[in-house]
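Data block below; observations after.
The values are calculated or read from the model by the stated rules, or taken from the named source; none is laboratory data. No experiment lies behind these values; they were computed from the predicted model shown. With ideal geometry, Cβ positions are generated from the backbone for all residues, glycine too; neighbour counts draw on all protein chains shown.
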Amino acid sequence: MALEVIPAILVKTREELLGHISRVRDYVKTIHIDVMDNKFVPNFTIGIKELQELPSGLKYEIHWMVQRPEEWIAKLKGPYLHMVHVEAVESWEDLLKAVKESGGALGVALNPETPLEKLEPHLKGAKKILVMSVHPGFYGQKYIPEVEAKVKELRRMLPKAEIEVDGGINPETAVRASGAGADNLAAASSIFAKPDAGKAIGELKDALKKGWESGAGRG
Ligand code: DX5
Ligand code: ZN
């Protein structure tokens, strides 16, 4: 468990993907790549083809906002953290096999309205939990503060887990989400819509640390 601000990249071309990575790579360890299929969510992005041979020297987590992520992961090799929505997996057996054969690791994601009970059977073996604080599909949406109750409960249940909050994170909401118990925060617009991505990441890191240290909600 380590405090980390993770740039989220939601793009439609390989060129944009590489451009976004180069804007932030000097300031972070990990990159969050959003993948959408226009079925699980009403938007689409880059897919398997554009994800081949990602720039070295960084860790990548792939946020699969697709139906049957097990079929996508089976087509991608590499040491990636595959964050799959519990609402989208049809065969957990196929999923676990695909993740293992890909050489990657498993993370589990849940939508704002999905209760923690849906997550519990799949926590074993998951390296990270991704709590959505917007309805997935688009960047630049408004943070849903009600999800903080789930973050608090998860942190109480799993004091050492990696818990990431994704959606609507800016320096103000970062303090709230980390105060509730998130040690990782994904952010797109509050980094990439700014002229100086390094400065924006620095502000988010300060907010994450401040919220985490306040410990509000972690008892
Ligand atoms: C939402 C994506 C998020 C999104 C974050 O569907 O999963 O990762 O890109 O964008 P912001 O930080 O702008 O809410
Ligand atoms: Zn995401």
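For the stretch 175-204, how many residues are within 19 Å of LYS142 (Cβ to Cβ), touching a residue at least 40 places away in the same chain (Cβ under 8 Å), within 16 Å of ligand 2 (Cβ to nearest atom) and under 17 Å from the mean Cα position of the chain (by Cα)?
Selection size over the stretch 175-204: 10.
Matching residues to (1) touching a residue at least 24 places away in the same chain (Cβ under 8 Å); (2) in contact with a His (Cβ under 6 Å, 6 or more places away or on another chain):
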{"residue": "VAL28", "(1), (2)": "yes, no"}
{"residue": "MET36", "(1), (2)": "yes, no"}
{"residue": "PRO42", "(1), (2)": "yes, no"}
{"residue": "GLU53", "(1), (2)": "no, no"}
{"residue": "ILE62", "(1), (2)": "yes, yes"}
{"residue": "PRO69", "(1), (2)": "yes, no"}
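Within the set of pairs 6+ apart or on separate chains, which have a first residue in the stretch 98-116 that is more than 22 Å from GLU146 (Cα to Cα), a second that is acidic (Asp, Glu), and C-beta atoms under 6 Å apart?
Going by the 6 Å Cβ cut-off, the qualifying pairs are ALA98/GLU70.
Looking at the stretch 110-159, which of its residues are small (Gly, Ala, Ser), at pLDDT 95 or above and not in a helix (DSSP H, G or I)?
Across the stretch 110-159, the qualifying residues are ALA126, SER133, GLY137, GLY140.
Go through the stretch 9-26 residue by residue and tally those that are assigned to a helix (DSSP H, G or I), in contact with a helix residue (DSSP H, G or I) (Cβ under 7 Å, 6 or more places away or on another chain) and free of Cβ contacts under 8 Å to residues at least 60 places away in the same chain.
Selection size over the stretch 9-26: 2.
Quick check on this structure: which one of VAL84, VAL66 is more than 29 Å from LYS205 (Cα to Cα) and either in contact with a Ser or Thr (Cβ under 7 Å, 6 or more places away or on another chain) or within 15 Å of ligand 2 (Cβ to nearest atom) (or both)?
Answer to the check: VAL66.
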